[in-house]
Amino acid sequence: MRLGVAAALVDGVYRTGDVEIDAEGRITAVGVPGRGRGLAVPGLVDLQVNGFAGVDFLTADAEEFTRAGVALARTGVLAYQPTLITSAPEQTIAAIAAAGKARTNGGARILGVHLEGPFLSPERPGTHPVELLREPDVALARRLLAAGPVTEVTLAPELPGALDVVAECMRSGVLVSCGHSDATAAQAHAAFDRGARLVTHLFDAMRPFTHRDPGIVGAALTRGEVLLGLIADPSHLAQETIRLAFQAAPGRVVLVTDALAACGQPDGHYRLGEVEFDVAGGVARRTDGTLVGSTITLVEAVRHACHAAGVAVEQAFNAATRTPARLFPGKDIGLLRPGDRADVVVLDDELSARTVLQNGVPLDA
Ligand code: ZN
């Protein structure tokens, strides 16, 4: 089967020509001559999704995970990390276990759980309930990691004991991301030196960058091995800030949505764990005005990065496919090359998803 596209993003590089897929759902050829339309990109990868289509992952059962995963796949996201905001340990443990039991069933693949908390700074809580934040504690970290398939932990590296939790995560093969943090550059470097490889929503909920006090932002931008999560929606970051990140850290930006249960739903009143919030005009805020997360889809974030912030199409899509996939070697995600699984999104000229294929099979629109 041929996709009928004019070009594809092959191993991160724009290449003209069609794409051929075999009956086993594998890509067999790229750059095939023909007269197609649109662009094929790999299935998108979102490392930070709190909920989707009315489902909050903190309280979701297996059936709800499936429903959210199917809805996510239709938007072009074919692999993701359900992300849990800070809650009481027992609730977090139950949610991790529920994610472990969830089955894909035609929806986006679950890479593993991203724990955003509870070892976050009360100075930079964002929307996390301050009363539930904890000082880093290796014993609690072990309990959380043992509860199910945890793949990433966001923590504030300056907190006492944080580096011990980083070490525990490294021993368990779990990614560590620095975020919700008031860390200085030196404190961030200490975590990167011990293996932290990500920053959670760069610029948001962290010490601001200044010339004499560059904080996590400055430290991370100067470290070639550190990937930078970025919420590229109009309410979280200015266009220049998005462009700055891409220019300063080529190949290291990872677009994330930080999507909520409200994503793909109408404006109204919603919950994220213990937090209640309202969505108006697509922007989610608590009653005190704090941004809660986003209601943007990942392909919308890519489009915003391209159309509003002027990021090259290739770079913006790599930040939602190939770059996050580097963190999951062997998972056969985020790439479109001969031999790869045909998880593909076909876009029209406006970069809207026209068709989504999983294992070479088109999903229902
Ligand atoms: Zn956050």
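Worth a mention:
- For the range 1-135, the relative contact order is 19 percent, taking Cα pairs closer than 8 Å that sit 6 or more residues apart in sequence and dividing their mean separation by the residue count.
- Taking Cα centre as origin and charging only the Cβ of basic (Lys, Arg, +1) and acidic (Asp, Glu, -1) residues, the dipole magnitude of the range 44-331 rounds to 940 debye.
- The angle between the Cα long axis of helix 239-248 and the main principal axis of the chain comes to about 80°, on a 0 to 90 degree scale.
- Least to most buried among R109, R252 (fewest other Cβ within 10 Å first): R109, R252
- Placing a label point 7 Å from the Cα of A62 along the Cα-to-Cβ direction, the residues of the range 126-164 whose backbone N falls under 17 Å of that point are 148-149.
- Applying 1/(1 + (r/R0)^6) with r as the Cβ-Cβ distance of T104 and E131 and R0 = 30 angstrom yields a FRET efficiency of 0.25.
- R0 of 56 Å, Cβ-Cβ distance A94-T16: FRET efficiency to nearest 0.05: 0.65
The numbers here are math on the coordinates, done by the rules we state, and not lab data. In this text the structure is predicted, and so the values were computed from the model without any measurement. All Cβ positions, glycine included, derive from the backbone under ideal geometry; neighbour counts span all protein chains shown.
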